[in-house]
Structure formats: C-alpha cells, structure tokens
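A short write-up of the structure that comes next.
The values are calculated or read from the model by the stated rules, or taken from the named source; none is laboratory data. Computed from a prediction, not measured in an experiment: that's the story for all the values here. Counting neighbours? That spans all protein chains shown, and the Cβs are built from the backbone with ideal geometry, glycine included. We work out accessible area using only protein heavy atoms, side chains counted, and drop any ligands, DNA or RNA first. Shrake-Rupley method; radii C 1.70, N 1.55, O 1.52, S 1.80 Å.
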Amino acid sequence: MALKLKIIIGSTRPSRLGPKVAQWFEGAAREHGKFEVELLDLADFNLPVFDEPKHPRMRDYSHDHTKKWSAAIEPADAYVFVTPEYNYYPPSSLINALDYLVLEWGRKPAAVVSYGGISGGLRATEALRPLLATLNMMPIPQALPVPLFGTMIGEDGVFRPTDPIAQGVKPMLDELAIWAEGLQAMRRALS
C-alpha cells in the first residue's frame with residue numbers, strides 16, 4: 001500500500017505564484033516514487049476565518065467547507081506545505097486552514113517547501129514548525145527553501161528551479177517517507 005502524500009498550497013492570494021512552485025514539486029514527488037501524491041489548493045476549499053462552533057478536537061463539524069477539508073486531509077500519511085513568506089511568517093490562509101482541524105493531522109510527518117526573496121521563505125518555515133508540532137505532526141528538519149523564486153519562472157509561466165533546489169527534493173522526500181512509514185505503523189497499532 002503506497003504512502004499518501006498531500007501537498008498543500010498555502011497561499012490563496014489571487015496574484016500568487018505558489019501554484020507554479022507546487023506543481024513543479026508535485027511532479028518531483030511523483031517522480032520520486034515513494035508516495036501516492038495529491039496536490040491540494042487552499043483556494044479551492046474557500047475556508048472562511050475559523051467559524052466552527054465546537055473545538056476541532058471534537059470532530060463535530062457544522063459546515064460543509066470544514067467537512068470537505070477534513071475529508072481531504074484525513075487519508076494522508078504525510079504532508080508538504082508549500083508556503084510563501086509574508087512579513088516573516090506563513091500566510092494567514094495556511095494558519096487558518098491548519099487551525100480548522102486537529103485529529104486529522106495527528107501522528108503524521110510534515111515538510112515545508114518555502115519560497116520568497118533572498119531568504120527563500122525560511123523564516124516562514126521556522127514560524128510554521130511549532131504550530132505543526134502543536135497539532136501533533138512531526139515536522140522534519142529537512143526543508144526546501146526557494147530563494148529568489150521569481151527568477152526561476154520562465155516567460156512561459158513554468159517554474160524551473162536551479163540544480164541545488166532540484167537536488168534538495170530527494171533527501172527531503174526520503175526522510176519524509178521514513179517518518180511516514182514509521183508513524184503509519186504506530187497509528188495502526190494505536191487504532
């Protein structure tokens with residue numbers, strides 16, 4: 001049974017370029033071969049600022065958008081969050097989407113592909129990790145920062161990373177797969 005990887009586009013801004021980075025990463029993850037890959041775009045879920053009347057730990061959701069989000073997230077064995085850096089932080093759309101759920105995230109590993117200016121979004125990655133851990137995910141140390149990502153988008157609109165960035169995919173996904181296999185076995189033993 002293949003491990004299920006959900007790649008989540010964290011920005012919902014209309015002029016965002018994150019989907020280009022995420023589509024490239026999706027292709028690289030499929031080529032890697034250790035995961036069954038699905039790309040999820042937060043913009044498709046249209047999540048308002050958290051509006052559930054009960055705490056997400058109860059899993060008693062009132063709204064269809066929450067039920068749809070939960071159903072998309074639950075089957076995963078691992079996550080990769082593709083995020084820009086806004087004011088040294090991940091976008092509020094991603095923080096909000098994470099806050100919608102609790103149990104669905106639990107005991108699963110997560111990695112971050114960040115993009116931005118000269119820092120490649122590393123500050124957003126570092127800000128995101130404590131929240132992932134609080135939601136009972138295992139944020140792996142391997143991250144993939146993409147500095148000056150706009151220079152890697154061609155006139156055709158396709159994102160083409162530099163060789164060092166492309167070479168960073170395999171070690172990150174290898175580590176994510178190791179954690180995903182181990183935590184999948186643990187989740188089975190606990191159920």
Hey, residue 164 open to solvent by less than 80 Å² (accessible area, probe 1.4 Å) and without any contact (Cβ under 8 Å) to a residue 24 or more places away in the chain or not: no
Residues that are in contact with a helix residue (DSSP H, G or I) (Cβ under 8 Å, 6 or more places away or on another chain) and farther than 20 Å from residue 124 by Cβ, drawn from the stretch 1-27: 3, 5
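Quick check on my filter: what residues within the stretch 1-58 are of a type in the set (Val, Ile, Thr) and open to solvent by 10 Å² or more (accessible area, probe 1.4 Å)? Working first, answer last.
Residues of the stretch 1-58 of a type in the set (Val, Ile, Thr): 7-9, 12, 21, 37, 49.
Scanning the stretch 1-58 gives 12, 37, 49.
Among what's in the stretch 69-84 and is without any contact (Cβ under 8 Å) to a residue 40 or more places away in the chain and within 14 Å of the chain's Cα centre (by Cα), pick the residue that is least open to solvent (accessible area, probe 1.4 Å). Show your work before the answer.
Kept after step one, since they are without any contact (Cβ under 8 Å) to a residue 40 or more places away in the chain, are these residues of the stretch 69-84: 69-71, 74.
So of that shortlist, the ones also within 14 Å of the chain's Cα centre (by Cα) come out as 69, 74.
Details: 69: 2, 74: 73 Å².
Taking the candidates together, the pick is 69.
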All positions within the stretch 60-119 that are touching a Lys or Arg at 6+ places or on another chain (Cβ under 6 Å), assigned to a loop (DSSP other than H, G, I, E, B) and within 19 Å of residue 134 (Cα to Cα): 76, 77, 102, 107
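Give the stretch 18-53 a look and list any residue that's charged (D, E, K, R) and either part of a helix (DSSP H, G or I) or in contact with a strand residue (DSSP E or B) (Cβ under 6 Å, 6 or more places away or on another chain) (or both), or say none.
The initial filter retains those residues of the stretch 18-53 that are charged (D, E, K, R), namely 20, 26, 30-31, 34, 36, 38, 41, 44, 51-52.
Once the filter is applied, which keeps residues that are charged (D, E, K, R) and either part of a helix (DSSP H, G or I) or in contact with a strand residue (DSSP E or B) (Cβ under 6 Å, 6 or more places away or on another chain) (or both), the stretch 18-53 yields 20, 26, 30, 31, 36, 38, 41, 44.
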Boolean, residue 125 is modelled with pLDDT of 95 or more, of a type in the set (S, T, N, Q) and assigned to a strand (DSSP E or B): no
Some residue of the stretch 91-107 being open to solvent by 10 Å² or more (accessible area, probe 1.4 Å), out of contact with any strand residue (DSSP E or B) (no Cβ under 6 Å at 6 or more places or on another chain) and within 17 Å of residue 176 (Cβ to Cβ): yes
